[in-house]
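Here's the structure we're looking at; comments come further down.
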Amino acid sequence: METQIPFLLNAWYVAALSTEVGPEALFHRRILDTSILIYRRQDGTPVALHDRCPHRFAPLHLGKRIGDEVACLYHALQFDCSGQCTKNPHGNGQIPKAAKVRSFPLQERYGFLWIWMGEAAPDLGRLPDFGELDAGPDTGVAYTYMHMKANYELIIDNVMDLSHIDHVHGEIITTRGQLSPLVPQMRESEEAISARWEWQQTPAMLIFASFLPEPMAGARHFFDITWTPPANIQLSVGATQDDQALDLRGCIGQYDLHTCTPETANTTHYYFATRRNHRVEDADYNAMKIQAMHAAFENEDGPIIEAVQHEMGTTDFFGLNPVLMTNDVAPVKVRRRLKQLIQDDRRGA
């Protein structure tokens, strides 16, 4: 493993959207400061290998597919899906015992390819259930990806503290100043940290208003967010104008997943998925919806998060002695829990 940065290694991270890796592509992405090659066998099963030939260290994604195997561009050593060298075209063709590339376990679920970067045996029990993303037509769910020039924990902070919506975001998802005075209701378990906000605003959030009986009238709203390690945040949000329960069964709303994968200490792969419970058969609306949400992240959240990273100049958040306020309760709990998990992981606990 190349990295010495303290990431949680024995965990599942998103390596790519399922749609990013086509049937013939040699897709590559840096994950936890390690170069990774991802491709699909001819039967569609995804494969992940260290994207580095053990001979002269050329990136394997520059090479070519030969059936289910990959040949290095530089000297044509060929590797199978397990990373074992199967062909050496040089000299007598003998394959050195060290001619092997590390392979990484992959799971394809919920529209993502998940990778296990640690040395321990992959534990599917550590991959949370986000099956709600699969529960409905394709026209009701959408995905997007962003590359962020910031440490992944700053992105987690941003989603765990939704009071920023009052100040950062524009009219489409404005909460009209209602979140900042609230202290979220917290729930904690061994596996997760959750926070919940409930409020009323007039008019309703514009992403929901036109689907409510009185679009310009007030509505009750909720946010319910749950962090699971290493960097997954499932966010449910909805609005109602009647006495229905404040959940996705009683509200016009959506089920979102924000998940981050460190590229390096200071850059992050940021993935987002959303499934709504309204207008689910409209493909054009689906495309417009995800484009608008991507633009909000890219043009509103992204610049401030990247500016924070630049100004900090470090990944040591607590080392800068931040002023902490009531809106920090959820992100601080997550930071401390993640730090403990990383320490336990490194001790083999």
Dipole magnitude (debye, nearest 20) for segment 40-199, charges at Cβ of Lys, Arg, Asp, Glu | 1160
With the contact rule set at Cα under 8 Å and sequence spacing of 6 or more, what percent relative contact order holds for the chain?
-> 18
Tell me the trypsin sites (Lys or Arg not before Pro) within segment 250-349 that lie in a loop according to DSSP and have at most 15 other beta-carbon atoms within 10 Å.
-> Arg279
About the Cα centre of segment 123-212, how large is the charge dipole given +1 on each Lys and Arg Cβ and -1 on each Asp and Glu Cβ? Please answer in debye to the nearest 20.
-> 380
Would you work out which of Trp197, Thr326, His75 lies farthest towards the positive end of the dipole of the chain? Charges go on Cβ: Lys and Arg +1, Asp and Glu -1.
-> His75
Name the residues whose placed amide hydrogens come within less than 5 Å of the amide hydrogen of Ile31, ignoring near sequence neighbours (fewer than 5 apart) on the same chain.
-> Ile36
Excluding ligands, DNA and RNA, what is the solvent-accessible area per residue of the chain at a probe of 1.4 Å, expressed in Å²?
-> 46
At what distance in nm do the modelled label points of Arg30 and Asn92 sit from each other, each positioned 7 Å from its Cα along Cα→Cβ?
-> 4.1
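How much length, in nm to one decimal, is gained on full extension between Glu191 and Arg249, taken as 0.36 nm per residue of separation minus their Cα-Cα distance? Mind showing how you got there, number by number?
Numbers: separation 58, 0.36 × 58 = 20.88 nm, distance 2.45 nm.
Value of the extension gain: 18.4 nm.
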Would you mind calculating the gained length between Phe57 and Glu281 on full extension (0.36 nm times residue separation, minus the Cα-Cα distance), in nm to one decimal?
-> 75.8 nm
Taking all protein chains as present, what is the carbon and sulfur share of the accessible area of the chain, in % to the nearest whole number, probe 1.4 Å?
-> 52
For labels at Tyr145 and Val183 in the simple 7 Å Cα→Cβ model, what's the distance in nm?
-> 4.2
With charges only on Cβ, +1 for K and R and -1 for D and E, what is the dipole size of segment 160-278 about its Cα centre, in debye, rounded to 20?
-> 200
By how many degrees, between 0 and 90 and to the nearest 10, does the Cα long axis of helix 329-347 differ from the longest principal axis of the chain?
-> 20
Inter-part gap, Cα centre of segment 39-70 to Cα centre of segment 148-189, in whole angstrom, is 40
Which order do the peptides 92-101, 224-233, 190-199 take when ranked by the mean count of other beta-carbon atoms within 10 Å per residue, highest first?
-> 224-233, 190-199, 92-101
Among Gly302, Ala292, Gln343 the positive-end extreme of the charge dipole of segment 272-349 (Cβ point charges) | Gln343
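Could you order peptides 305-311, 140-146 by the average number of other Cβ atoms within 10 Å of their residues, highest first?
Numbers: 305-311: 15.1, 140-146: 19.0.
The most tightly packed comes first, giving 140-146, 305-311.
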Measuring from the longest principal axis of the C-alpha atoms of the chain, the long axis of helix 302-312 (C-alpha) lies at a number of degrees, nearest 10, equal to 70
Using a basic spin-label model with each label point 7 Å from the Cα along Cα→Cβ, how many nm lie between Glu214 and Arg337?
-> 3.9
How many lysine pairs in the chain, separated by 8 or more positions in sequence or lying on different chains, have Cα atoms less than 18 Å apart?
-> 4
Hz values of 3J(HN,Hα) by residue in segment 95-104 - Karplus curve (6.51, -1.76, 1.60), Gly and Pro given as x = 9, x, 4, 7, 7, 9, 10, 5, 9, 10
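The values are calculated or read from the model by the stated rules, or taken from the named source; none is laboratory data. Keep in mind the model is a prediction, meaning the values are calculated, not measured. Every residue, glycine among them, receives a Cβ derived from its backbone with ideal geometry; neighbour counts consider all protein chains shown. Note: areas computed on protein heavy atoms with side chains; ligands, DNA, RNA excluded. Shrake-Rupley method; radii C 1.70, N 1.55, O 1.52, S 1.80 Å.
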